[in-house]
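Accompanying notes for the structure given below.
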Amino acid sequence: MAKVMVIGSGAREHALAETFLRSAAVEEVVVVPGNAGMQSVGIRTINHDMMDVAGLRDLAEQEAIDLTFVGSEAPLIAGVVDSFQEAGLKIFGPTKQAAQLEGSKQFAKDVMAQAGVPTATSVMVTDEVRARQALKSFDLPLVIKQDGLAAGKGVVICRDREDAETMIQLAYERQVDAPLVIESYMAGVEFSIFSLVGSNGVVHAPIAQDHKRRFDNDQGLNTGGMGAYSPVRWVSDNLVQEAIETLVLPTLTTMADNDMPFTGVLYTGVMLTDDGPKVVEYNVRFGDPEAQVVLPQLQSDFYELILALLAGEQPEATWQQDDVYAGVVLVNPSYPAPTTEHIVLPSFSMADINTFYAGVTRNDDKLISNGGRIATVVGHAATASQAQETVYEAIDATQTTLAYRHDIGYQAVREENKVVSGDAN
Ligand code: GLY
């Protein structure tokens, strides 16, 4: 029986651990560093710094780990996969070079240009004078992104020039050589493709849609994601296939041609524009909260799937087809601003509701919140509107003072209602 290590501490890593635990071949999953919520459901955690890549490798050797799966982007960008591979340890994720697809927006743009992948036009700048100059060549609205890791929060859409100038001024006040990407705005709706990429095979998971803004009706600041649902039935299979063929596969081919083959989870953020699907960004791991609604749909064996991908095979994966999975993220009311407040976690007693824990610690016999993102609550049902009802009924019943959006899945519900009323076009 196998032992798996998952690296990361959030609800995504909790979902990964539970997915591995469903494998008949897996005896134990340890999550490093994990959180107290996972412990409360019997998952062992090891409190080790996930940025200490040499230490993680030693830990995998001491624990006799058969497979390591990296949930979080930061250790990937720090080179955890290279370190494990040098020691002959099995690990699923991209190398440090390949992880630049997420770590550097400029790198990703260069690969997309080489691969002929449609995306927004952009300019990278590292000083205020050039940034102000570059602004002039973009129509409004425009997008300003911090280069590097920003946990989904480093993107601002500027609808007037004054906003853009202020954003630039603030960025260079914080850091005199701040790397910024100024980009044309792409209008449309977004969805995400998760591709599990091996050395010689690719498996695509059901697509998902995230809700990045903090408040209902897509108001407020961008966050790491306030909720997601999957599959996204109103995006046709043909359109998904077109996006895979034009946005995912050419990038994988180009990465291989450039001697930095990509292995691991490629997360393609897609914008459906009037000119067809375009890439918003690539990430090199599962999305959070998307993983929490995608992974429970896997009916085949996750451990065997990852092993087959690492062995250069082209495995088949089976995903459920009957239901829509809706996940709502519970956050501290001040999120995305930092907080030191602790709130007692609600407990969910309803059958068929999954809770995946994130910023959670223990105080005596109670789980309490510790940070901004606390947990993802997931429900599923035959339609998006029933899935929405199921998950909100479970959350509302707890009367928690944690905050959450009340409209996760609204776009799918709207599309379902159009079909019911015969107004699908
Ligand atoms: N849900 C957005 C992300 O994981 O980056």
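The values are calculated or read from the model by the stated rules, or taken from the named source; none is laboratory data. The structure displayed is predicted, hence computed values, not measured ones. Quick reminder, even Gly has a Cβ in these numbers, built from the backbone with ideal geometry, and neighbours come from all protein chains shown.
If the condition is being surrounded by 16 or more Cβ atoms within 10 Å (Cβ to Cβ) and part of a loop (DSSP other than H, G, I, E, B), then segment 171-181 contributes A178, P179.
A count restricted to segment 93-110 and to residues that are hydrophobic (A, V, I, L, M, F, W, C) and surrounded by fewer than 22 Cβ atoms within 10 Å (Cβ to Cβ) stands at 1. Out of curiosity, is L247 buried (at least 23 other Cβ atoms within 10 Å of the Cβ) and at negative phi? Here the answer is yes, as L247 does meet what is asked. Checked against (1) buried (at least 22 other Cβ atoms within 10 Å of the Cβ); (2) within 24 Å of H380 (Cα to Cα); (3) among the hydroxyl-bearing types (S, T, Y), Y335 passes all but condition (2). Apart from one condition, S184 fits all of (1) of a type in the set (S, T, Y); (2) within 21 Å of K418 (Cβ to Cβ); (3) over 13 Å from the mean Cα position of the chain (by Cα); the exception is (2). For segment 305-321, state whether one or more residues are within 16 Å of the ligand (Cβ to nearest atom) and either assigned to a loop (DSSP other than H, G, I, E, B) or surrounded by fewer than 20 Cβ atoms within 10 Å (Cβ to Cβ) (or both). The answer is no; no qualifying residue exists. Just give me the residues in segment 103-153 being within 16 Å of the ligand (Cβ to nearest atom), touching a residue at least 12 places away in the same chain (Cβ under 8 Å) and assigned to a loop (DSSP other than H, G, I, E, B), in sequence order. Once the filter is applied, which keeps residues that are within 16 Å of the ligand (Cβ to nearest atom), touching a residue at least 12 places away in the same chain (Cβ under 8 Å) and assigned to a loop (DSSP other than H, G, I, E, B), segment 103-153 yields S104, D147, G148, L149, A151, G152, K153.
Of all residues in segment 21-44, those satisfying the criterion of being within 22 Å of the chain's Cα centre (by Cα), within 19 Å of F286 (Cβ to Cβ) and surrounded by fewer than 24 Cβ atoms within 10 Å (Cβ to Cβ) are L21, R22, V30, P33, I43.
Beta carbons closer than 6 Å, at least 6 apart along the sequence or on distinct chains, pair a first residue in segment 155-177 that is farther than 17 Å from A187 by Cβ with a second that is in a helix (DSSP H, G or I) and modelled with pLDDT of 90 or more for A164/L135; I168/A131; Y172/E128. Just one residue in the set I168, I157 is touching a strand residue (DSSP E or B) at 6+ places or on another chain (Cβ under 9 Å) and either part of a strand (DSSP E or B) or within 12 Å of the ligand (Cβ to nearest atom) (or both); that residue is I157.
Among residues of segment 256-265 being hydrophobic (A, V, I, L, M, F, W, C) and buried (at least 23 other Cβ atoms within 10 Å of the Cβ), the one that is farthest from the ligand (Cβ to nearest atom) is F262.
Looking for something within 16 Å of the ligand (Cβ to nearest atom) and assigned to a strand (DSSP E or B) - is there at least one such residue anywhere in segment 231-243? Looking for residues that are within 16 Å of the ligand (Cβ to nearest atom) and assigned to a strand (DSSP E or B), one finds none in segment 231-243, hence no. Residues in segment 266-292 that are within 11 Å of the ligand (Cβ to nearest atom), under 23 Å from V328 (Cβ atoms) and not in a loop (DSSP other than H, G, I, E, B): Y267, G269, V280, N283, E290, A291, Q292. Restricting attention to segment 244-265, the residues being within 17 Å of the chain's Cα centre (by Cα) and in a helix (DSSP H, G or I) number 1. Of the strands (runs of 3 or more DSSP E) lying entirely inside segment 182-223, those containing at least 2 residues that are away from the ligand (no atom under 15 Å from the Cβ) span 189-197, 202-204, 219-222. Considering only residues in segment 388-410 that are in contact with a helix residue (DSSP H, G or I) (Cβ under 7 Å, 6 or more places away or on another chain) and more than 18 Å from R373 (Cα to Cα), the one that is surrounded by the fewest Cβ atoms within 10 Å (Cβ to Cβ) turns out to be Q388.
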